[in-house]
Amino acid sequence: MRISVVDFYTVDYDDLDISPVKSLGDVHIYGMMDKHSLVEVMRESGAIIVNKVEITEDVLEACPAVEYIGTCSTGYNNVDIDACRERGITVCNVPGYSTAAVCQHVFALLLSFESKTYKYIPSVAKGDWKKSPTFCYNTWPTTEIAGKTFGVVGYGAIGSRVAKVAEAFGMSVIVYDVFAKNCPYEQVSLEDLLKRSDYVTLHCPLTKDNQRFINEDTLSLMKKSALLINTARGPLVDDRALAAALKSGKIRGYCADTLTKEPPSDGNPLIGLENSLITPHIAWCPKETRQRLVEIVAANFKAYEEGHPQNVVS
């Protein structure tokens, strides 16, 4: 079976051991490509491994030989799952590979925002400390996170890890997830979580039902002092409603590693705001994390060929 790996350069920056993927058989690795080129590659392939390339119904219609799609990610909203089910195509994702890295990034954003390190570090570098009449200067007041209420939306692998770290910081954790199992924290409705939380962090998958569920109505429930953190998916948030809330002071701040459109288009209303910290979808990027991803992607395909597919989402 011909195996085509597309947009793989988004995973491997020439710093990984990709032999687990290369050893799968007749493997062909490609960079980014337009839709026409993608179809040409897929027509000759029985298996496709993708990261963010969109596998739509019309692409699948033109490529009847495809029987397996493996994603280099936990999320799979770039693949038309319904169309794959109709065609009997097995789709496998990679859950859990980035749990530690994303958890780390959540608190990197939160702590930078509250300790104002993103302001103080460049300030010191340009010489402001030298000008201080005292041993320190407190231009940008900081906030202690211990004792705050930390709301977790989505109690999966990442959400549960983030909750434990928040608890270790001395915060009171509450959770919204109708499917949560063995959750030791107080479980509440989404409305209650938004009303009570000082920090709201999103860790739910993107579905047709929850697109833009953070919108004008739900933002109005939050404290004016609240900080929203999104390391899940950009389209969970209504960009314009959130930007308006940030500008008007309806909530205090936003930290995100993902946007509705990536890379962002000109005029994204969330970029450049004083109270909006945004990183370029890098939470999953540590070398150790990406190496783990490569190994699981390969293991998924091997399990499929052996007749016992794992991490199946379709």
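The values are calculated or read from the model by the stated rules, or taken from the named source; none is laboratory data. Being a predicted model, the structure only gives us computed values, none of them experimental. Counting neighbours? That spans all protein chains shown, and the Cβs are built from the backbone with ideal geometry, glycine included. Please note that ligands, DNA and RNA were not included when accessible areas were found on the heavy atoms of the full protein model with its side chains. Shrake-Rupley method; radii C 1.70, N 1.55, O 1.52, S 1.80 Å.
Worth pointing out:
- Remark: K164 matches the filter, which requires a residue to be free of Cβ contacts under 8 Å to residues at least 12 places away in the same chain, part of a helix (DSSP H, G or I) and either open to solvent by 10 Å² or more (accessible area, probe 1.4 Å) or touching a strand residue (DSSP E or B) at 6+ places or on another chain (Cβ under 6 Å) (or both).
- Top-ranked residue in the stretch 201-238 [being under 18 Å from S189 (Cβ atoms), of a type in the set (S, T, N, Q) and out of contact with any Asp or Glu (no Cβ under 9 Å at 6 or more places or on another chain); ranked as surrounded by the most Cβ atoms within 10 Å (Cβ to Cβ)]: T201
- All positions within the stretch 75-95 that are open to solvent by 40 Å² or more (accessible area, probe 1.4 Å) and without any contact (Cβ under 8 Å) to a residue 60 or more places away in the chain: D80, D82, E86, R87, G88
For every residue, the table says whether it meets (1) over 15 Å from K287 (Cα atoms); (2) open to solvent by less than 80 Å² (accessible area, probe 1.4 Å).
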{"residue": "D14", "(1), (2)": "no, no"}
{"residue": "V21", "(1), (2)": "yes, yes"}
{"residue": "D26", "(1), (2)": "yes, yes"}
{"residue": "I29", "(1), (2)": "yes, yes"}
{"residue": "S37", "(1), (2)": "yes, yes"}
{"residue": "E44", "(1), (2)": "yes, no"}
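- Within the stretch 102-142, the set of residues being in a loop (DSSP other than H, G, I, E, B) and open to solvent by less than 30 Å² (accessible area, probe 1.4 Å) comprises K116, G127, S132.
- Restricting attention to the stretch 22-69, the residues that are of a type in the set (K, R) and not in a helix (DSSP H, G or I) add up to 1.
- The stretch 212-231: number of residues that are touching a residue at least 24 places away in the same chain (Cβ under 8 Å) and not in a loop (DSSP other than H, G, I, E, B): 8
- Residue selected from the stretch 220-275 under the condition of a type in the set (V, I, T) and over 15 Å from Y199 (Cα atoms), by the criterion nearest to the chain's Cα centre (by Cα): T258
- Considering only residues in the stretch 52-74 that are modelled with pLDDT under 95 and under 19 Å from Q310 (Cβ atoms), the one that is most open to solvent (accessible area, probe 1.4 Å) turns out to be T74.
- Test: residue in the stretch 13-21 that is assigned to a helix (DSSP H, G or I), modelled with pLDDT of 95 or more and touching an Asp or Glu at 6+ places or on another chain (Cβ under 8 Å): yes
- Near pairs, Cβ below 6 angstrom, 6+ apart or cross-chain, from the stretch 297-314 (farther than 16 Å from I48 by Cβ and free of Cβ contacts under 8 Å to residues at least 24 places away in the same chain) to any residue that is surrounded by fewer than 16 Cβ atoms within 10 Å (Cβ to Cβ) and among the acidic types (D, E): none
- In the stretch 84-101 there is no residue matching the filter, namely being assigned to a loop (DSSP other than H, G, I, E, B), modelled with pLDDT of 95 or more, more than 30 Å from V297 (Cβ to Cβ) and of a type outside the set (S, T, N, Q).
- Checking each residue in the stretch 264-296 for being hydrophobic (A, V, I, L, M, F, W, C), under 18 Å from F8 (Cα atoms) and either without any contact (Cβ under 8 Å) to a residue 40 or more places away in the chain or touching a strand residue (DSSP E or B) at 6+ places or on another chain (Cβ under 8 Å) (or both) picks out no residue at all.
- Filtered by the rule that a residue be hydroxyl-bearing (S, T, Y) and crowded, with 17+ Cβ neighbours inside 10 Å, the stretch 275-310 gives S276, T289, Y304.
- Scan of the stretch 240-274 for residues that are of a type outside the set (D, E), surrounded by fewer than 15 Cβ atoms within 10 Å (Cβ to Cβ), assigned to a loop (DSSP other than H, G, I, E, B) and out of contact with any Pro (no Cβ under 8 Å at 6 or more places or on another chain), ordered by number: G249, K261, S265, G267, G272
- Neighbours by Cβ (under 6 Å, 6+ apart or cross-chain): first from the stretch 37-48, over 13 Å from G70 (Cβ atoms); second small (G, A, S): V39/A62; V41/S4
- Residues of the stretch 167-198 satisfying the condition of being under 19 Å from P235 (Cα atoms) and in contact (Cβ under 8 Å) with a residue 40 or more places away in the chain: L194
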